[in-house]
1. What shape does region 290-371 take by its C-alpha gyration tensor, where a ≥ b ≥ c are the square roots of the eigenvalues and a/c under 1.5 counts as rounded, a/b above b/c as prolate, and the rest as oblate?
2. Please identify every one of the trypsin sites (Lys or Arg not before Pro) in region 334-429 that sits in a loop by DSSP and has no more than 14 other beta carbons within 10 Å of its own beta carbon.
3. Using a probe of 1.4 angstrom, how much of the accessible area of region 179-321 is carbon and sulfur, in percent?
4. In what order, largest first, do Val309, Val68 sit by accessible area if the probe radius is 1.4 Å?
5. With a ≥ b ≥ c the root eigenvalues of the C-alpha gyration tensor of region 138-282, is it rounded (a/c under 1.5), prolate (a/b larger than b/c) or oblate?
6. Taking amide H positions as placed 1.01 Å from N in the peptide plane, with prolines and chain starts having none, which residues 5 or more places from Leu391, or on another chain, fall under 5 Å of its amide H?
7. Under 8 Å for C-alpha pairs, at least 6 residues apart: give me the relative contact order for the chain, rounded to a whole percent.
8. Could you sort Ile376, Ile21 by their accessible area in this structure, using a 1.4 Å probe and putting the largest first?
Amino acid sequence: MLTAEILARIQFAFTVSFHIIFPAFSIGLASFLAVLNVLWLRTKDETYLKLFNHWKKIFAVAFGMGVVSGIVMSYQFGTNWAVFSDRAGPVVGPLMAYEVLTAFFLEAGFLGIMLFGRKRVGDGVHMLATAMVAIGTLISATWILAVNSWMHTPAGFSMGENGQFLPEDWWAIIFNPSFPYRLVHMVLAAYLTTALVVAGTAGYHLLRDRTNPATRRMLSMATGMILVVAPIQILAGDMHGLNTLEHQPVKVMAMEGHFESHPEGAPLILFGLPDQEAQEMRWSVEIPKLSSLILKHSLNAPLDGLDGVPRDEQPPVPIVFWSFRVMVTLGMLMLGLGLWSLWARFRGRLYDWKALHRAALAMGPAGFVAVLAGWITTEVGRQPWTVYGHLRTADSLSPLDASAVGTSLVAFIVVYFFVFGAGTFYLLRMMSMTPGTERMGLRDGPIRTAGITPGLHEDPRERSD
């Protein structure tokens, strides 16, 4: 039966899934634009300027879609999760406000200069604006990850008589035990996501024309980024997993599919069919003792299982088990793509190996899928808690009927698929155009407000880059 709680969770999962893919892309793309701008200023190589002008327009659309989808998410805290907002508001509210006051204002203040201002403010100020936009996206990720991490590993608070979480130590709240690991893991994921999109776009164009210097440069930069970041991300993910084992062991049990405790070394379950009702893993493919080696660095280290956890405190194991494997598998494929590109570069075939270009194109969306899989693992694995160990999801809900939540969910689905479907189609259309295309469907300059005329020394026919 679809209760109000289940429908509200589905609605939040639906909206956050749409939202997270755009910041994951714009965080990495903003940094990529800053690097391109620096390289253009240092070398005066027109290829870098051409790539900057190409990807800045794509960034503008992705950034706008991320802002709109994020605003919708915030409203749900008041509509569907009013009890959570009331009780956790003293901690969560200021952190989200800081994100707006620092990151969003910084991005909004310099975005127009980055997009349209090179010929109006000069290269130096334009570079500053580009850097500020990139820094703004990272600050935004910092605050949002601080909020989310606190919900997983709450610290620095006391409980008021009315049940509210009252801040006592903001340093402990922001830098809670899981925050550094989540922040690093998410930022690296954003860089990998962007690198895969750029590499996939380059692969698409190189399959059509292997001589274009801009697309060749794109592939070289993107695959180089994948080669460097993918192994670092695997290491960061391992460290994040060890932190999760310390602070949220039940989530790790679900990720590993360990329904039973293993006092003398736990196997690594590669695949299987989790049966939560029967509390067992069916048709499992296992490597003996490897899970203990990974998590405890000892083959015979004991690992607890879900047999010691009450049923009402277990997360949905099948979802967590499989989403984690999707994320890990894609991470391995990303590393493989990076190593393949290194081999192609070593052999002098980076720009003419069609199989590599097809693989890059196929892996283009992999970063988004991995981010969604990681987010599902993290958030579903936290259940049944909203604030881990202190506030249950069932107790965080607004007093709403299931019909009201269901109606709004249907409305979200219809509107989102129409609006964001059109926006995604537009992004793909821009990516399909060769770097250097003069008109990509996006105006090359800001629309002038009625009554505002060009300056005394400005040619009204001149367009910005």
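The values are calculated or read from the model by the stated rules, or taken from the named source; none is laboratory data. These numbers were taken from a predicted model, which means no experiment stands behind them. Because the Cβ atoms are built from the backbone with ideal geometry, glycine has one as well, and the counts that use them run over all protein chains shown. For accessibility, only protein heavy atoms count, side chains too; no ligands or nucleic acids. Shrake-Rupley method; radii C 1.70, N 1.55, O 1.52, S 1.80 Å.
1. In terms of gyration-tensor shape, oblate.
2. Answer by residue number: Arg347, Arg349.
3. 62 percent
4. Largest to smallest exposure gives the sequence Val68, Val309.
5. Cα axes put region 138-282 in the oblate bin.
6. It is Thr386, by chain and number.
7. Values: 677 pairs, mean separation 96.1, N = 465.
21 percent.
8. The most accessible residue leads, giving Ile376, Ile21.
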